[in-house]
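A.B. asks: Structure below; questions to follow.
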Amino acid sequence: MELLVVPLLLALTGCGLSLDNGLMRTPPMGWLAWERFRCNTDCNTDPKNCISERLFMDMADRLTEDGWKELGYQYVNIDDCWAAKKRDSEGRLVADPHRFPSGIKALAQYVHSKGLKLGIYGDLGTFTCGGYPGTTLDLIDFDARTFASWGVDMLKLDGCYSNSSEKAVGYPLMSRALNATGRPIAFSCSWPAYEGGLPPQVNYTLLGEICNLWRNYDDINDSWESVRGIINWYSAHQEVLQPAAGPGRWNDPDMLIVGDFGLSYEQSKSQMALWAILAAPLFMSNDLRTISRKASSILRNKVLIRINQDPLGEEGRMLLKGRNNIEVWMRNLSSSSFALAFFSQRTDQPYHYRTSLIQLNITAPEVFSAQDVYTGRVLQNLEVDTEFTVTINPSGVVMLYVYPTKRLEQNPDAGLLLL
Ligand code: GLA
């Protein structure tokens, strides 16, 4: 009896369970199958788009051959529906033999041979959300060891088909089980999303100790409505969410859908900009084999990636929202720099927004330069009371990377980045 109680208590309090894996000091970047490819298992009629080893190998090829890897996109992540409907005779999870004939271990080797990392999906509960075998409490250690033996680098642990008390025990236990494998495996927890995403049900201090990232809100889908809903939820609850993030522990507003069907060009720029402000994981869920140049250029924007990956690891926040439906967002960056995003939730026409740093309550002794991350244009000699105007398109964004000018004079390479 006592033997059982002690680990349970440890699990509930999180004591000694710190996910000390040193991973993801900046938000992870890569590709994740779910939003675009869902649970398409029909490889007979749709061989190019079904969840199969071919799909993940194709994406690994694109990430390396098309230069995504150099930009930081290094994870190739499997989501639901990869497994066979039944565990094997030894009780092990096993990949669907028709769609993954070589198995996950071979896929991990392939992905590693390209200098990339492989992520896999599991579910704390009797089944995954798509109805595949889940990981019940008694199987946590066993499944963690299986994933490690395959050479997996990240686990997204979903939470369908378990109750709140099972989750409160299971997520800390999986964190410890992953650590115990001795293989560095980043841990993505869907736990808070199942508990409403807010305290008191969600303990963000504990999450920061046991998970590298966590989903806390609804699934993204291929629509602007969905992206807006996520942004609005994040701003409404930023007092709670913003302090929870930091190096090694990130809020995950879900995948980037830039390059899919639902967003306009302006909306695509907005998603990428806000995800950079939010220090969000950048997991693209799109088809890298057919992605357009325009969408690709948004996802490859080096200034935005640099903002997202800033080593300070501080999440940004909405500073103000006017009656004009323009929101101003800010993220503090290292070296006295910061990012400003002017985001329009208007639906009429481009809006001319005139302001100054002081009007945004930003006070600093420095003189700044501000680079528009999408046009590359630079505003020079920006003092706190210098007024400037940005023109923001409906559902679009203007984003500025603002840095002290003197740094540019001392080191010409430190400021401007070529787009
Ligand atoms: C849940 C998750 C999604 C995805 C699906 C898979 O809905 O939140 O991100 O993993 O399950 O079934």
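The values are calculated or read from the model by the stated rules, or taken from the named source; none is laboratory data. Keep in mind the model is a prediction, meaning the values are calculated, not measured. Every residue, glycine among them, receives a Cβ derived from its backbone with ideal geometry; neighbour counts consider all protein chains shown. Areas reflect the complete protein model, heavy atoms only, side chains present, ligands, DNA and RNA absent. Shrake-Rupley method; radii C 1.70, N 1.55, O 1.52, S 1.80 Å.
A.B. asks: Among strands (runs of 3 or more DSSP E) lying entirely in region 205-324, which contain 2 or more residues that are within 16 Å of the ligand (Cβ to nearest atom) and in the same structural domain as residue 186 (by TED's automatic domain parsing)?
C.D. replies: On the way: elements: 213-215, 250-252, 282-284, 317-321.
Correct list: 213-215, 250-252, 282-284.
A.B. asks: Further question on the same structure: Is at least one residue of region 114-128 within 16 Å of the ligand (Cβ to nearest atom), open to solvent by 10 Å² or more (accessible area, probe 1.4 Å), in the same structural domain as residue 76 (by TED's automatic domain parsing) and in a loop (DSSP other than H, G, I, E, B)?
C.D. replies: Scanning region 114-128 turns up at least one residue that is within 16 Å of the ligand (Cβ to nearest atom), open to solvent by 10 Å² or more (accessible area, probe 1.4 Å), in the same structural domain as residue 76 (by TED's automatic domain parsing) and in a loop (DSSP other than H, G, I, E, B).
A.B. asks: Just to be sure, is residue 368 modelled with pLDDT of 95 or more and out of contact with any helix residue (DSSP H, G or I) (no Cβ under 7 Å at 6 or more places or on another chain)?
C.D. replies: no
A.B. asks: A further question follows. Of the residues 270, 292, 285, which is under 15 Å from residue 374 (Cβ atoms) and at pLDDT 95 or above?
C.D. replies: 270
A.B. asks: Kindly indicate whether any position in region 137-157 is farther than 26 Å from residue 107 by Cβ, in the same structural domain as residue 193 (by TED's automatic domain parsing) and not hydrophobic (A, V, I, L, M, F, W, C).
C.D. replies: yes
A.B. asks: Taking the conditions exactly as written (within 15 Å of the ligand (Cβ to nearest atom) and under 27 Å from residue 279 (Cβ atoms)), does residue 51 satisfy them or not?
C.D. replies: no
A.B. asks: I'd like the full set of residues that are within 14 Å of the ligand (Cβ to nearest atom) and assigned to a helix (DSSP H, G or I), limited to region 129-181.
C.D. replies: Across region 129-181, the qualifying residue is only 167.
A.B. asks: Could you please give the count of residues in region 288-304 that are of a type outside the set (Gly, Ala, Ser) and open to solvent by 10 Å² or more (accessible area, probe 1.4 Å)?
C.D. replies: Summing the residues that are of a type outside the set (Gly, Ala, Ser) and open to solvent by 10 Å² or more (accessible area, probe 1.4 Å) in region 288-304 gives 8.
A.B. asks: Please go through (1) open to solvent by 30 Å² or more (accessible area, probe 1.4 Å); (2) within 16 Å of the ligand (Cβ to nearest atom); (3) under 22 Å from residue 76 (Cα atoms) for residue 188 and return the number of the only condition it doesn't satisfy.
C.D. replies: In the conditions (1) open to solvent by 30 Å² or more (accessible area, probe 1.4 Å); (2) within 16 Å of the ligand (Cβ to nearest atom); (3) under 22 Å from residue 76 (Cα atoms), residue 188 misses (1) alone.
A.B. asks: Now for a different question. For region 205-242, which residues satisfy the criterion of being open to solvent by less than 10 Å² (accessible area, probe 1.4 Å) and β-branched (Val, Ile, Thr)?
C.D. replies: Correct list: 210, 220, 227, 230, 231.
A.B. asks: Can you find a residue in region 81-103 that is assigned to a helix (DSSP H, G or I), surrounded by fewer than 22 Cβ atoms within 10 Å (Cβ to Cβ) and more than 13 Å from the ligand (Cβ to nearest atom)?
C.D. replies: Yes, region 81-103 has at least one match.
A.B. asks: Among the residues of region 56-100, what is the count of those that are farther than 19 Å from residue 151 by Cβ and aliphatic (A, V, I, L, M)?
C.D. replies: Total satisfying the criteria: 2.
A.B. asks: Answer yes if at least one residue in region 201-215 is out of contact with any helix residue (DSSP H, G or I) (no Cβ under 6 Å at 6 or more places or on another chain) and of a type in the set (Val, Ile, Thr), and no otherwise.
C.D. replies: yes
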